[in-house]
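Enquirer: Sharing a structure with you now.
Every number in this text was worked out from the coordinates using simple rules, so none of it is lab data. Fair warning: this is a prediction, and the values are worked out from it, not measured in the lab. Cβ atoms come from the backbone with ideal geometry, glycine included; neighbour counts cover every protein chain shown.
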Ligand SMILES: Cc1cc2nc3c(=O)[nH]c(=O)nc-3n(C[C@H](O)[C@H](O)[C@H](O)COP(=O)(O)O)c2cc1C
């Protein structure tokens, strides 16, 4: 029987910017016939990420380049380091310039040993930055294919 490819998009968002990126990814993946589950970190039971073909994790950056505590707790609860994780996030260069911009994305990319770069969006992805989301996702799918992850 034909089975849809399954992806999960887990995100932490206080003011909605990271959630908007998550929604854009969802729409684009559904257009490619993925079954998408969304998980807003901190709400409800942490899903079993190991059931998915692709895992997307999104976070904002906080407090001088820090990863928010909720995200750290989530990572601990998930446990282990699945090898099909892709990281995205929202930040703001006003809080420390390029050096601290979306630093939590870099930290998660390092933690999960991702060999595909994270997506960094300045505040909301709406407008011209939507293109960045689209291009990044195309790259993700190519990358996953090259690693023989089912896409
Ligand atoms: C107190 C505070 C500290 C922040 N520190 C950083 C930072 O170090 N680096 C960064 O890129 N963005 C920083 N930001 C900006 C947020 O990451 C940015 O507004 C992001 O879009 C929020 O995402 P959300 O709407 O999903 O909650 C900070 C914001 C606040 C309020």
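Enquirer: What number of residues in the range 66-95 are in contact with a helix residue (DSSP H, G or I) (Cβ under 8 Å, 6 or more places away or on another chain) and touching a residue at least 40 places away in the same chain (Cβ under 8 Å)?
Expert: Number satisfying all stated conditions: 8.
Enquirer: Residue by residue through the range 53-92, note down the ones that are within 9 Å of the ligand (Cβ to nearest atom), over 19 Å from residue 22 (Cα atoms) and within 15 Å of the chain's Cα centre (by Cα).
Expert: We begin by selecting, within the range 53-92, every residue within 9 Å of the ligand (Cβ to nearest atom); these are 58-66, 68, 89-92.
The next check asks that each one be over 19 Å from residue 22 (Cα atoms); those that pass are 63-66.
None; the set is empty.
Enquirer: Continuing with the same structure: Sort out which residues of the range 115-132 are under 13 Å from the mean Cα position of the chain (by Cα), more than 10 Å from the ligand (Cβ to nearest atom) and either over 16 Å from residue 55 (Cα atoms) or buried (at least 19 other Cβ atoms within 10 Å of the Cβ) (or both), and write them in order of number. If you could, list the steps in order and put the result at the bottom.
Expert: Step one: list which residues in the range 115-132 are under 13 Å from the mean Cα position of the chain (by Cα), which gives 116-121.
Applying the additional criterion that residues be more than 10 Å from the ligand (Cβ to nearest atom) yields 116-119.
Of everything in the range 115-132, those that are under 13 Å from the mean Cα position of the chain (by Cα), more than 10 Å from the ligand (Cβ to nearest atom) and either over 16 Å from residue 55 (Cα atoms) or buried (at least 19 other Cβ atoms within 10 Å of the Cβ) (or both) turn out to be 118, 119.
Enquirer: May I pose another question? With respect to residue 14, is the statement that it is within 14 Å of the ligand (Cβ to nearest atom) and out of contact with any helix residue (DSSP H, G or I) (no Cβ under 6 Å at 6 or more places or on another chain) true?
Expert: Details: within 14 Å of the ligand (Cβ to nearest atom): yes; out of contact with any helix residue (DSSP H, G or I) (no Cβ under 6 Å at 6 or more places or on another chain): yes.
Yes; evaluated as a whole, the condition is true for this residue.
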